[in-house]
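A short worksheet on the structure shown next.
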Amino acid sequence: MERRFKSFVDRVSAYMVETVQAPKCKKILVGVSGGIDSVVLLHVLINLGYDCEVAHLNYQLRGRESDEDEAIVSELCKQHALKFHAFQSPIKHVVDQSDRSVQMVAREVRYSKFADTAVEQGISVVAVGHHGDDQSESLLINLNRGTGPEGIAGMRPKRRLNDQVDLIRPLLMENRASILDYAEMCNLKWREDSSNQDDRYLRSQLRAHVMPHLNSVSLARSSYLMRQWVDQVIRPMIDQNFAYASEGESINIDYLRDLPPVLAHRLVLEGVRQWIPKASVNEDLINRVMDLIDLKTGKRIEVGGGVIWRERNRLVFLDSIDDSIVEESKLGPENGAVTLAGSEVHLNVTTSTPVQLSISEGVWLDADKLHFPLTVRTWLPGDRIQPLGMKGTKKVSDVLTDLAVPVSQRDSVLVVCSQGIIVWIIGHRMAHQFRITNSTKNYAKLYFYRL
């Protein structure tokens, strides 16, 4: 018995050092539900000499059972003189108001609370009790959903919860049988979660009806081998190509066209994940984004509260859509300024002849041709201007296209109007009829600053 005990502890110890790379000098926050996996995890970490604190979430989904789970974890912490962080986290109302499953909501709440608690306690590592059988089940679930290499790679031994905290899984190479064997040898007490037997959940169905007929060790091994490919080959390839293809929050279209389709799709997926994090990423979305490449400049799709634009040679990813209408502001006849859409627009009227008519931040106009107050507003579809030097008018949209103003920036372009006639597309073009001539006596300087 002692040999089996040492063998289990030695395997976990080696895994912590070689794979998880968690030095014993670090304090660990251990997530303990009261079930056998987390109870064994806590016990073995204590035996290995790690300085542990415990966090437990009571979701209040099973009434008295949930309270008894919390009670057994509390008692365990008292036995070992461990600091215990218990949280009442009712989630039923969240589940009822969303289309997410109980497991998904519980997982989000759990990891968020673990991360927050770790930061508050000055702890940089959180440990949870996932093991090899969990890994095998996750592999089957991911395959059932239609996954790629990263889904086959499964849960990772170590990943970031946030900028300050790592999540580790010290039991990931152990199976349910070895964990039960250890628990019985050590006479540990744990709670059985009745929801684990609920066939409404896919994982419970797999555990009860499918896994007994499969080799969970071999499945977990497959995830391990794929994780090596992902970490050492696939991920570096994605990162390198993404660095070449991206600029700001955009991806070069020509670069995408030159890639194998599978890699081009993967770079688009990376862009969505990084720049529009609230978007739900799936194959259909990636195909829609790729379709933008063959559409006209200016086409876009909205997703996850953000938008993806097709510009001349780039796909631009924005994480928000500003559909607000900027109110008109009046400017003049007195010298002054107005602020709209991130710009501060100034007016200065003078009788002094300008030393230089060409100024980078604005324009000089014939003040006597203007009717005050001027109107400052965002441009609208159908707006036209007679650009300086032209006889006829031109759509503002066409002017912006000719100037290669990025589509994603056009909504914020402002115009200055005099009695409904556009005087100046701010920062871009002034109108011919308001130009300064030899007969000009009063001069109006319009200029702006980006805030």
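Of the trypsin sites (Lys or Arg not before Pro) found in segment 1-57, those in coil by DSSP whose Cβ has at most 16 other Cβ atoms within 10 Å are K24, K26.
Ligands, DNA and RNA are left out, and with a 1.4 angstrom probe the accessible area of the chain is 53 Å² per residue. Computed on protein heavy atoms with a 1.4 Å probe, the accessible areas place S343, S412 in the order S412, S343, largest first. Of all DSSP beta bridges in the chain, what percent run antiparallel (nearest 5)? Bridges in the chain that DSSP calls antiparallel: roughly 75 percent.
Expressed as a whole percent, the accessible surface of segment 336-381 that belongs to carbon and sulfur atoms is 53, based on a 1.4 Å probe.
Could you give me D for segment 165-269, from Stokes-Einstein at 4 °C and 1.567 mPa s, where the hydrodynamic radius is the Kirkwood radius over C-alpha pairs? Units µm² s⁻¹, please. The estimated diffusion coefficient comes to 71 µm²/s.
Taking only the Cα atoms of segment 380-427, the ratio Rg/Rh comes out at 0.93, with Rh defined as the Kirkwood radius. Taking every protein chain into account, the 1.4 Å probe leaves K369 with about 70 Å² of accessible area, to the nearest ten.
About its Cα centre, the dipole of the chain is roughly 860 debye, where the only charges are +1 on Lys and Arg Cβ and -1 on Asp and Glu Cβ. Here mean projected area of the Cα convex hull in nm² was calculated from the structure, and among (i) 25.6; (ii) 23.8; (iii) 29.2 it sits at label (iii). For the chain, the relative contact order works out to 11 percent when only alpha carbon pairs closer than 8 Å and six or more residues apart are counted. For segment 105-236, the convex hull spanned by the alpha carbon atoms encloses 140 Å³ per residue. Heavy-atom accessible area, probed at 1.4 angstrom with all protein chains present, ranks Y244, Y224 as Y244, Y224, highest first.
Give me the percent of accessible area attributable to carbon and sulfur for segment 167-276, probe 1.4 angstrom.
The value for segment 167-276 is 53 percent carbon and sulfur by accessible area.
Placing unit charges on each Cβ (+1 for Lys and Arg, -1 for Asp and Glu) gives segment 173-306 a dipole about its Cα centre, and among W190, L219, L285 the Cα reaching farthest toward its positive end belongs to W190.
If we count GluC sites (Glu not before Pro) as exposed when they sit in a DSSP loop and have at most 13 other beta carbons within 10 Å, what is the longest stretch of the chain that avoids them all? In the chain, the maximal stretch lacking such sites is 1-191. Of all lysines in the structure, those lying under 19 Å Cα to Cα from K6, and not within fewer than 8 positions of it along the same chain, are K24.
Placing dummy labels 7 Å off each Cα toward the beta-carbon, the span from K6 to D231 is 2.9 nm.
Once you charge only the Cβ atoms, +1 for Lys and Arg and -1 for Asp and Glu, what is the size of the charge dipole of segment 246-306 about its Cα centre, to the nearest 20 debye? Mind dumping the intermediate values first?
On the way: 8 positive and 10 negative charges, 32 e Å.
The calculation lands at about 160 debye.
A Cβ-based charge dipole, computed about the Cα centre of segment 303-451 with Lys and Arg at +1 and Asp and Glu at -1, lands at about 580 debye.
Ordering T353, T19, T378 by accessible area with a probe of 1.4 Å, largest first, what comes out?
T353, T19, T378
For C186, the accessible surface of its heavy atoms amounts to roughly 30 Å² (probe 1.4 Å, protein chains only, rounded to the nearest 10). A helix-only calculation puts the chain at -11000 deg cm²/dmol for mean residue ellipticity at 222 nm, using -39500 (n - 2.57) for each DSSP H run of at least four residues, averaged over all residues. Each label was represented as a point 7 Å from its Cα along the Cα-to-Cβ direction; for S439 and N144 these points are 8.3 nm apart. Globularity index of segment 327-449 is 0.99 (Cα radius of gyration / 2.2 N^0.38 Å, N = number of residues). The trypsin sites (Lys or Arg not before Pro) of segment 175-249 that meet both conditions, a loop assignment by DSSP and at most 14 other Cβ atoms within 10 Å of the site Cβ, are K189, R200.
Any chance you could list the semi-axes, whole Å, largest first, of the equivalent ellipsoid that the Cα gyration tensor gives for segment 242-326, using √(5λ)?
20, 14, 12
The smallest convex shape that holds all Cα atoms of segment 4-134, its convex hull, gives 122 Å³ per residue.
The values are calculated or read from the model by the stated rules, or taken from the named source; none is laboratory data. Since we're looking at a predicted model, the values are computed, not measured. Positions of Cβ are generated from backbone atoms using ideal geometry, with glycine treated the same way; all protein chains shown enter the neighbour counts. Only protein heavy atoms, including side chains, enter the accessible area calculation; ligands, DNA and RNA are left aside. Shrake-Rupley method; radii C 1.70, N 1.55, O 1.52, S 1.80 Å.
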